[in-house]
1. Read through the list (1) in contact (Cβ under 8 Å) with a residue 24 or more places away in the chain; (2) part of a strand (DSSP E or B); (3) more than 20 Å from residue 107 (Cβ to Cβ), then give the number of the only condition that residue 68 fails.
2. Looking at 27, 13 in this structure, which one is open to solvent by 20 Å² or more (accessible area, probe 1.4 Å), β-branched (Val, Ile, Thr) and touching a Pro at 6+ places or on another chain (Cβ under 9 Å)?
3. Determine whether the stretch 116-123 contains at least one residue that is loosely packed, with under 14 Cβ neighbours inside 10 Å, modelled with pLDDT of 95 or more and either in contact with a Pro (Cβ under 8 Å, 6 or more places away or on another chain) or part of a loop (DSSP other than H, G, I, E, B) (or both).
4. Would you confirm whether or not the stretch 63-80 contains a residue that is surrounded by fewer than 17 Cβ atoms within 10 Å (Cβ to Cβ), in contact with a helix residue (DSSP H, G or I) (Cβ under 8 Å, 6 or more places away or on another chain) and within 19 Å of residue 30 (Cα to Cα)?
5. Looking at 100, 61, can you tell me which residue is without any contact (Cβ under 8 Å) to a residue 60 or more places away in the chain and within 21 Å of residue 9 (Cβ to Cβ)?
6. Might you check whether a residue that is closer than 21 Å to residue 1 by Cβ, modelled with pLDDT of 95 or more and outside any strand (DSSP E or B) occurs anywhere in the stretch 43-60?
7. Being touching a Lys or Arg at 6+ places or on another chain (Cβ under 7 Å), among the small types (Gly, Ala, Ser), over 28 Å from residue 102 (Cβ atoms) and open to solvent by 30 Å² or more (accessible area, probe 1.4 Å) is the requirement here; does residue 7 meet it?
8. For residue 23, indicate whether it is within 19 Å of residue 118 (Cβ to Cβ), in a strand (DSSP E or B) and either touching a residue at least 60 places away in the same chain (Cβ under 8 Å) or over 12 Å from the mean Cα position of the chain (by Cα) (or both).
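The values are calculated or read from the model by the stated rules, or taken from the named source; none is laboratory data. Worth saying up front: this structure is predicted, and the values here are computed from it rather than measured. A quick note on method: Cβ atoms are made from the backbone with ideal geometry, for glycine too, and the neighbour counts reach across all protein chains shown. Accessible surface areas use protein heavy atoms only, side chains included; no ligands, DNA or RNA. Shrake-Rupley method; radii C 1.70, N 1.55, O 1.52, S 1.80 Å.
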Amino acid sequence: VQLQASGGGLVRTGGSLRLSCAFSGRTISRYSVAWFRQAPGKEREFVAALWRTGTYYADSIKGRFTISRDNAKNTVYLQMNSLKPEDTAVYYCAADSGVILSAMRVAAQYDYWGQGTLVTVSS
């Protein structure tokens, strides 16, 4: 499985961006997928996940970000609205077929990663 993340950029506070993560090699519907982010000098943190059981979000972005999947395009999206300077980070998509629900927020549990896309939110 190969993941290709895109859609990052520079946006002002309150603006929106949509990140995309294109899958190749396997059908996306077979995997649980997630977005993580890593700000300079900080550890990689969980942002959102899409499981068969539903969608899950970090408290810091709940109500502002939406994760979704288009099986026909084999692509996962992260719609980010009302962006804040503290959302500035490199965003990574991740996938795995064997992560259990209780471990979805743990980056080390995911075998497949995209290359990251930089989101910068100016104040």
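1. Every condition holds for residue 68 apart from (1).
2. So the residue among 27, 13 that is open to solvent by 20 Å² or more (accessible area, probe 1.4 Å), β-branched (Val, Ile, Thr) and touching a Pro at 6+ places or on another chain (Cβ under 9 Å) is 13.
3. Checking the stretch 116-123: at least one residue is loosely packed, with under 14 Cβ neighbours inside 10 Å, modelled with pLDDT of 95 or more and either in contact with a Pro (Cβ under 8 Å, 6 or more places away or on another chain) or part of a loop (DSSP other than H, G, I, E, B) (or both).
4. Scanning the stretch 63-80 turns up at least one residue that is surrounded by fewer than 17 Cβ atoms within 10 Å (Cβ to Cβ), in contact with a helix residue (DSSP H, G or I) (Cβ under 8 Å, 6 or more places away or on another chain) and within 19 Å of residue 30 (Cα to Cα).
5. Numbers: 100 fails: within 21 Å of residue 9 (Cβ to Cβ).
Checking each option against the conditions leaves just 61.
6. Checked against the condition, which is being closer than 21 Å to residue 1 by Cβ, modelled with pLDDT of 95 or more and outside any strand (DSSP E or B), the stretch 43-60 yields at least one hit.
7. On the way: touching a Lys or Arg at 6+ places or on another chain (Cβ under 7 Å): yes; among the small types (Gly, Ala, Ser): yes; over 28 Å from residue 102 (Cβ atoms): yes; open to solvent by 30 Å² or more (accessible area, probe 1.4 Å): yes.
It is true that residue 7 is touching a Lys or Arg at 6+ places or on another chain (Cβ under 7 Å), among the small types (Gly, Ala, Ser), over 28 Å from residue 102 (Cβ atoms) and open to solvent by 30 Å² or more (accessible area, probe 1.4 Å).
8. Answer is no for this residue.
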